[in-house]
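K.L.:
One structure is given below, represented as structure tokens, and several questions about it will come after.
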Amino acid sequence: MAFPLSTAALISAFLIGILSAYLAYRKGRNLYLWFFLGFVFGIFGILAIFFAPSEKKKPLSTPIPVKPEPAIQGPKDKFWYYLDPVNEQHGPMSHDALTCALKDGKVTPSTFVWHEDLAEWKPLKEMLN
């Protein structure tokens, strides 16, 4: 014997399915599966969302190790100068400005630098840690 479903029963099953899909979405679960479970099992489908074990999310990829930026060792309160590839002198500049120039690629570890505490020009690589 078949049980006829009334329009009210279908509408309430549909609304419970939507509620269960919404709750599943809030918990990061499959909407369609939980809509179906809510539609078929009613209130038990909704309760199952709260008692089902949570899925652990896997990281998308392994984290890329961040290479620390080299720090220039030397006085921060002195003026710095550097020689460009055609041996033209640039400066005076602060320690921070020289660090920014290194980050921007204007100077390289092989660039010669000088400040008043140095007796002669030195390659920047000697002052990097």
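K.L.:
Inspect all residues belonging to the stretch 25-40 and state whether any of them is among the charged types (D, E, K, R) and modelled with pLDDT of 90 or more. Let's see the steps before the verdict.
P.N.:
Step one: filter the stretch 25-40 for residues among the charged types (D, E, K, R), giving 26-27, 29.
Adding the requirement that they be modelled with pLDDT of 90 or more leaves none.
No: zero hits.
K.L.:
I'm checking my understanding of the structure. Among residues of the stretch 13-24 that are under 13 Å from Phe41 (Cβ atoms) and more than 32 Å from the chain's Cα centre (by Cα), which one is most open to solvent (accessible area, probe 1.4 Å)?
P.N.:
Ranking the candidates gives Leu19 first.
K.L.:
Give the stretch 41-64 a look and list any residue that's modelled with pLDDT under 85 and open to solvent by 100 Å² or more (accessible area, probe 1.4 Å), or say none.
P.N.:
Across the stretch 41-64, the qualifying residues are Phe50, Phe51, Pro53, Glu55, Lys56, Lys57, Lys58, Pro59, Leu60, Thr62, Pro63, Ile64.
K.L.:
On the basis of being free of Cβ contacts under 8 Å to residues at least 12 places away in the same chain, more than 30 Å from Leu128 (Cβ to Cβ) and of a type in the set (Gly, Ala, Ser), does Ala21 make the cut?
P.N.:
No: the conditions fail for Ala21.
K.L.:
Tell me, please, whether a residue that is among the basic types (Lys, Arg) and closer than 30 Å to Leu128 by Cα can be found in the stretch 104-111.
P.N.:
For the stretch 104-111, residues among the basic types (Lys, Arg) and closer than 30 Å to Leu128 by Cα: present.
K.L.:
Across the stretch 25-38, what is the total count of residues that are open to solvent by less than 100 Å² (accessible area, probe 1.4 Å), part of a helix (DSSP H, G or I) and either in contact (Cβ under 8 Å) with a residue 40 or more places away in the chain or not aromatic (Phe, Trp, Tyr) (or both)?
P.N.:
Number satisfying all stated conditions: 4.
The values are calculated or read from the model by the stated rules, or taken from the named source; none is laboratory data. The model shown is predicted, which means the values in this text are computed figures rather than measured ones. Note: ideal-geometry Cβ built from the backbone for every residue, glycine included; neighbour counts use all protein chains shown. For accessibility, only protein heavy atoms count, side chains too; no ligands or nucleic acids. Shrake-Rupley method; radii C 1.70, N 1.55, O 1.52, S 1.80 Å.
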